[in-house]
Amino acid sequence: MTFIFNLINGISLGSVYAIIALGYTMVYGIAKMLNFAHGDVIMIGAYVSYCATTYMGLNPLLSVVIAMVVCTALGIIIEGLAYKPLRKAPALAVLITAIGVSYFLQNSALLIWGSAPKNFSSIVSFDSISLAGGKLIITSESIVTVIACIVIMIALTLFIKKSKMGKAMRAVSEDKGAAELMGINVNLTISVTFAIGSALAAVAGVLLCSAYPILIPTTGSMPGIKAFTAAVFGGIGSIPGAMLGGILLGIIEIFGRAYISSELADAIVFAVLIVVLLVKPTGLLGKKINEKV
Amino acid sequence: MLKVNDINVYYGKIHALKGISLDVKQGEIVALIGANGAGKSTTLKTISGMLRTKTGSISFLDEDISHTEAHKLVAKGLAHVPEGRRCFLQMTVMENLEMGAYTDPSNVKAGIEDVFERFPRLKHRKNQIAGTLSGGEQQMLAMGRALMSRPKLMMLDEPSMGLAPILVEQIFSIIKEMNEMGTTVLLVEQNAGMALEIADRAYVLESGRLVLSGTGKELLGSDEIKKAYLGG
């Protein structure tokens, strides 16, 4: 029973990683940059939801919507102000800028909300499910997280495959110049990508803090790094890869914590990443293009 | 139809185009020939908005497009088939063609029918990933993709590059057909002989400057051209 309990917890934590990893992987796929500020957008999303419920007394679900709106706007602003002027700059300059944005967000949060941890109350209001005569408890947060993850995955896949903007994203991710010659507004496409990634980050922030309710300005950084790991693990640029990588990472982390050592859990996670990259440098589902020239 | 007036383009400090002026009239095939690095591709890229000129102006259908963003030109009727084809290699042939009609998806179906009629080989491979096509097929796909936007002027950058002679001939006869169907063509080529044969007029570029211009026939007969570009 403990095994199943751990497995479910792992899948649930992994689902949060997966949702965050989607943001990393989409932005990487389309703008070819690593947005290391992505983890901090999660934290902002959680704070916005916290304020909406605690100070304004709003319905938790409404608070998620507000957090998504705020983070979407934030994502677009960050991209427009910090990254867009660097579109032709070397990748390293963009990377350093992203780290700068990350610190900027963390310190802004520190200034606005202070360093004292906020106690985030779960947005899920129904009870946990008790199975096998109380031996196996599935928390309501786990259920909501996993369902949210599945819904997001399906919606995003359909969006990328079928919608006009989704097709534009795929074209831009392959060849910006050629996409432009097709009449695709590349800058707009990149903005939309950031908007989607940031809205997902808000959802992830709320789900993460519902399960692990301590909210501080650095809440987003570790999950952000792990989700980045998950994206690389699954094959950066690949949406199913981000999903698979996220969930596997969550399971490995929880199992490591339960069966090996809780102190070493994070080390195990990153060790697995190293092994995967040694064996398959493109990640589990990384694209290998069969090109015939 | 297209008027390029005294454009100067720089790559950083390198002065790549030095006061180029040329024009293309409705219904023509105009060739731009010259050696490697003469500025042929740069000229096309500047016309299609991928690069900017410091001086002068570019007008298309009597509208100044010197400052128009590249992605807005397709809807105006200007298509650019870039050097190296640049097909979307991870998408299928069908998806590539659909991308070509991005700005006007209203008649994708009819457009695809037309393209398949002109390039029957693409029809057989319509569900194949573009990355698995041969070089010639990719060139056909890039041209088909550009045709999907029903352009008034099509600019082709080195369509013969890396292709077997028989394919080159096929591609050139398709260009001629396209032109007869009403598409004006601006063609950049290193294969000067082939280009001059089908071109109504041609310009010769040398290190960023226009050095000669004339009808295709005139240039084919010119001694200078023979020496420099046609191997004696």
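Test of the criteria: in the range A:77-178, which chymotrypsin sites (Phe, Trp or Tyr not before Pro) are in a DSSP loop and have at most 16 other Cβ atoms within 10 angstrom of their Cβ?
The qualifying sites are A:F126.
Just to be sure I understand the model, the point goes 7 Å from the Cα along the line to the Cβ. What's the resulting B:K109 to B:T215 distance in nm?
Label-label distance for B:K109 and B:T215, simple model: 4.5 nm.
For chain A, set up a GNM with springs between Cα atoms under 10 Å and report which of A:A67, A:A98, A:A271 has the largest fluctuation.
A:A271
Please determine, in degrees from 0 to 90 and to the nearest 10, the orientation of helix A:221-234 with respect to the longest principal axis defined by the Cα atoms of chain A, where the helix direction is its Cα long axis.
Result, in degrees: 60.
Be a star and scan the range A:1-38 for residues whose amide nitrogen sits under 16 Å from the point 7 Å along the Cα-to-Cβ vector of A:Y259.
Answer for the range A:1-38: A:1-11.
Which residue, A:L13, A:L74, A:L158, tops the fluctuation ranking in a GNM of chain A built on C-alpha contacts under 10 Å?
So, out of A:L13, A:L74, A:L158, the one fluctuating most is A:L158.
Counting only heavy atoms of protein chains, what accessible area per residue, in Å², does chain B have with a probe of 1.4 Å?
Roughly 43 Å² per residue, with all protein chains present.
Relative to the first principal axis of the alpha-carbon coordinates of chain A, what is the inclination of helix A:164-174, with its axis defined by its Cα atoms, in degrees from 0 to 90 and to the nearest 10?
70
How high is the relative contact order of the range B:87-150, in percent, with contacts defined as C-alpha pairs under 8 Å that are six or more residues apart?
Contact order relative to length: 55 percent.
For a test of understanding, tell me how many lysine pairs in the range A:126-224 have Cα atoms under 24 Å apart, given they are 8 or more places apart or on different chains.
4
From Cα coordinates alone, what are the radius of gyration and Dmax values for the range B:87-150 in angstrom?
10.2, 30
Mind checking which aspartates and glutamates have their C-alpha under 12 Å from B:K40, skipping anything on the same chain fewer than 8 residues away?
In chain and number order, the partners are B:E83, B:D157, B:E158, B:E189, B:E206.
How large is the Kirkwood hydrodynamic radius of the range A:13-218, counting all unique pairs of alpha carbons, in Å?
It is 17.9 Å.
Can you give the direction-averaged projected area of the convex hull of the alpha-carbon atoms in the protein assembly as shown, in nm²?
28.6
Only loop residues by DSSP count here, and only those with at most 12 other Cβ atoms within 10 Å; note down the trypsin sites (Lys or Arg not before Pro) in the range A:98-185 that meet that.
Answer in residue order: A:K135.
Using only DSSP helix segments of four residues or longer, with each worth -39500 (n - 2.57), what per-residue ellipticity at 222 nm results for the protein assembly as shown after dividing by its residue count and rounding to 500?
Here the helix-only value at 222 nm equals -17500 deg cm²/dmol.
I need to check one value: relative contact order of chain B, counting alpha carbon pairs closer than 8 Å and at least 6 residues apart, in percent.
Rounded, it is 28 percent for chain B.
What accessible area per residue comes out for the range A:27-137, rounded to a whole number of Å², with a 1.4 Å probe?
On a per-residue basis, 53 Å².
Applying the Karplus parametrisation 6.51 cos²θ - 1.76 cosθ + 1.60 with θ = phi - 60° to the phi angles of the range A:26-32, what ³J(HN,Hα) value in whole Hz is obtained for each residue in order, glycine and proline being reported as x?
Values, residue by residue: 5, 5, 5, x, 9, 9, 6 Hz.
Computing the accessible area with a 1.4 Å probe over protein heavy atoms, can you report the carbon and sulfur percentage for the range B:87-150?
50
Starting from the alpha-carbon convex hull of chain B, give the projected area averaged over all orientations, in nm².
Mean projected area for chain B: 12.1 nm², to one decimal.
In square angstrom and rounded to 100, what buried accessible area do you get between chains B and A, total over both, with the probe at 1.4 Å?
2300
Which percent of the accessible area of chain A is formed by carbon and sulfur heavy atoms (probe 1.4 angstrom)?
72
³J(HN,Hα) across the range A:111-126 via Karplus (A = 6.51, B = -1.76, C = 1.60, θ = phi - 60°), whole Hz, x for Gly/Pro?
5, 6, 10, x, 8, 5, x, 9, 8, 6, 8, 4, 7, 8, 10, 8
With a point put 7 Å past each Cα toward its Cβ, work out how far A:R87 is from A:Y212 in nm, to one decimal.
Placing both labels 7 Å beyond Cα along the Cβ direction yields 3.7 nm.
Going by a ≥ b ≥ c, the root eigenvalues of the Cα gyration tensor, does the range A:1-70 fall in the rounded group (a/c under 1.5), the prolate group (a/b larger than b/c) or the oblate group?
In terms of gyration-tensor shape, oblate.
What nm value, rounded to one decimal, do you get for the distance between A:A132 and A:V69 when each label is placed 7 Å out toward the C-beta?
Here the answer is 4.5 nm between the modelled labels.
If r is the Cβ-Cβ distance from B:R121 to B:K227 and R0 is 51 Å, what FRET efficiency results, to the nearest 0.05?
The pair B:R121/B:K227 has a calculated efficiency of 0.85.
Please find, in a Gaussian network model of chain A (springs between Cα atoms separated by less than 10 Å), the residue of A:V172, A:V279, A:V232 whose mean-square fluctuation is greatest.
Checking each option, the largest mean-square fluctuation is seen for A:V279.
Could you compute the FRET efficiency for B:K3 and A:F104, with r as their C-beta to C-beta distance and R0 at 45 Å, rounded to 0.05?
0.40
Given a Förster distance of 22 angstrom, what is the FRET efficiency for A:M1 paired with A:S140, based on the Cβ-Cβ distance and rounded to 0.05?
0.70
Principal axis extents for the range B:29-76, Cα atoms only, whole Å, descending order, please.
In descending order, the Cα extents are 31, 26, 19 Å.
What area, in nm² and to one decimal, does the C-alpha convex hull of the range A:144-209 cast on average over all directions?
Mean shadow area of the hull around the Cα atoms is 4.6 nm².
Using Cα-Cα distances under 8 Å and only pairs 6 or more residues apart, what relative contact order does chain A have, in percent?
Value for chain A: 36 percent.
Apply the Karplus parameterisation 6.51 cos²θ - 1.76 cosθ + 1.60, with θ equal to phi minus 60°, to every residue of the range A:50-60 and state each ³J(HN,Hα) to the nearest whole Hz, in sequence, with x for glycine and proline.
Computed from phi, the couplings for the range A:50-60 are 4, 5, 4, 7, 6, 8, 9, x, 7, 4, x Hz.
For the pairs B:K152/B:K227; A:K32/B:K126; B:K3/B:K45; B:K45/B:K226, flag any whose C-alpha to C-alpha distance is greater than 25 Å.
Listed pairs above 25 Å: B:K152/B:K227; A:K32/B:K126; B:K45/B:K226.
Using only protein heavy atoms and a 1.4 Å probe, report how much of B:K25 is accessible, in Å² to the nearest 10.
100
The values are calculated or read from the model by the stated rules, or taken from the named source; none is laboratory data. Remember, predicted model here, so these are calculated numbers, not experimental data. Every residue, glycine as well, gets a Cβ built from its backbone with ideal geometry; the counts of neighbours run over all protein chains shown. Please note that ligands, DNA and RNA were not included when accessible areas were found on the heavy atoms of the full protein model with its side chains. Shrake-Rupley method; radii C 1.70, N 1.55, O 1.52, S 1.80 Å.
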